[in-house]
1. What order, most packed first, do the peptides 291-297, 254-260 have when packing is the mean number of other Cβ atoms within 10 Å of each residue?
2. What's log10 of I(q)/I(0) for the stretch 248-311 at q = 0.13, 0.26, 0.28 Å⁻¹, Debye sum over Cα points only, no solvent?
3. How many percent of Cα pairs in the stretch 193-272 exceed 21 Å?
4. Pairs LYS59/LYS270; LYS275/LYS296; LYS60/LYS134: which are spaced more than 28 Å apart, C-alpha to C-alpha?
Amino acid sequence: VIVNNRGELGRHVGDLFQVCLFALYHLKLARISPAIGFVLQCLSMVNQQQQYEWVATVKKSLEESVQELQQKEKPQSFKLQDLVFLDSESIFVMPSAFNDDVHYGLQVSRPTNLYALKALQLREKVFQWIGRAKASQKQSRAAAAGSSESDAPAGSVSSFASLSQWYEHARTVWQTLSMCGTDLLQFKTMRHVLMAQQLQEFCDALVQKHINERMSAESEASIERLTKELRGAKAASDVHAVDNTFRGRLDSLRDSTMQEMQHEFDEFVKAHNTKFTDDQVKSDKRFSLMGPMRRKYASVDSLWRSAVHLALEQRSMDHLFEEISARVTDLLQEQGASVNVQNVERVFEEKWSQVMAEALQKQRPHLQRIVDEVIGHFNAALTNLKSQFRKAHIFHGVKALTIHEVGTDVEVCSSFVSSKKGV
């Protein structure tokens with residue numbers, strides 16, 4: 001791998017190679033150790049000792065990465081040369097390809113013969129790098145031949161039974177690398193990559209413990225207990241009272257669960273303050289705990305609203321039955337001794353139609369109220385998505401829905417949400 005760099009080798013090159021080393025180790029793509037050679041452009045008068053110091057800086061940065069990676073493995077389970085080949089002579093300095101000169105009052109850039117000569121020397125140097133890398137890798141394989149397969153270098157043996165397994169693993173690694181955005185350079189060092197990964201694993205454990213287990217169990221128990229009270233409610237006011245009770249308990253459960261999760265997160269970060277040093281990564285991971293909480297709260301709320309709606313419908317049917325019974329009783333009292341089957345059936349049908357017309361008029365959905373509810377749900381969901389994916393800006397271009405965008409009654413009935421651009 002030839003790294004063409006303009007200017008001197010600095011710490012930024014080592015930081016970039018740390019991210020590459022992380023991907024190379026976890027993806028387990030290469031059965032050989034890639035040989036790295038640096039070509040520094042537009043430099044002149046650089047002594048050999050300075051070149052060695054630059055390569056040593058990059059090598060030291062990569063060795064720090066190996067130490068970070070070994071924290072999850074056995075100590076000394078693999079070395080830097082098991083992943084990449086890099087020695088102090090893997091560097092070549094190239095002068096500027098053009099010389100600026102003034103000819104008849106005009107500035108002219110001319111190619112130099114020195115650059116052409118250095119290009120030929122670089123070609124020979126690259127073959128020397130390849131030869132040294134092959135010799136080193138041959139020695140490494142010979143030394144590893146006597147050891148068991150379990151003691152082989154971490155990047156030399158693939159541990160995936162199928163291509164699909166490797167794809168799932170590669171996808172996870174890529175998500176770790178790109179969680180701060182589409183630009184890998186947002187990771188300053190390997191420490192940032194591993195810190196983000198470890199905090200994500202801890203956050204996943206918190207979500208499993210507090211939301212998927214505790215909050216799910218308590219909310220389901222509360223729904224089951226209060227659903228029995230809904231069935232015993234005599235009027236719609238009783239149903240609304242039970243509904244208010246449940247919502248108060250659900251809000252209290254949400255707040256207490258969120259406080260416990262954030263408290264455990266803060267205690268974990270405080271206990272490992274020497275490891276987790278980046279405030280931005282810690283803040284992002286702490287904020288990410290709100291996403292699963294919102295989704296769980298919305299799921300429980302939707303389930304409860306279904307139970308409340310069913311109870312209100314039942315109370316409405318009971319009220320309708322009582323009203324019909326009262327009108328039939330009044331009819332029988334009015335008819336007195338002249339009551340007969342045909343007369344009762346005729347009047348019953350008339351009263352029944354009247355009661356049903358009144359009931360339908362009461363239950364007929366109000367178009368403006370539906371539009372307001374849809375706009376509210378749409379904008380709330382869009383706000384949550386923008387907050388959840390604020391780094392990637394996936395929903396950044398989607399605008400909130402307004403009452404003027406809904407249109408006429410006909411357009412409302414033709415599902416304006418599905419035709420809205422950007423969704």
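Read the figures in this text as sums done on the coordinates, not as results from a lab. As the structure is a computational prediction, the values presented were derived from the model and not from experiment. Because the Cβ atoms are built from the backbone with ideal geometry, glycine has one as well, and the counts that use them run over all protein chains shown.
1. Packing order, densest peptide first, comes out as 291-297, 254-260.
2. Each listed q maps to, in turn, -0.48, -1.09, -1.17.
3. So the portion of pairs separated by more than 21 Å is 45 percent.
4. LYS59/LYS270; LYS275/LYS296
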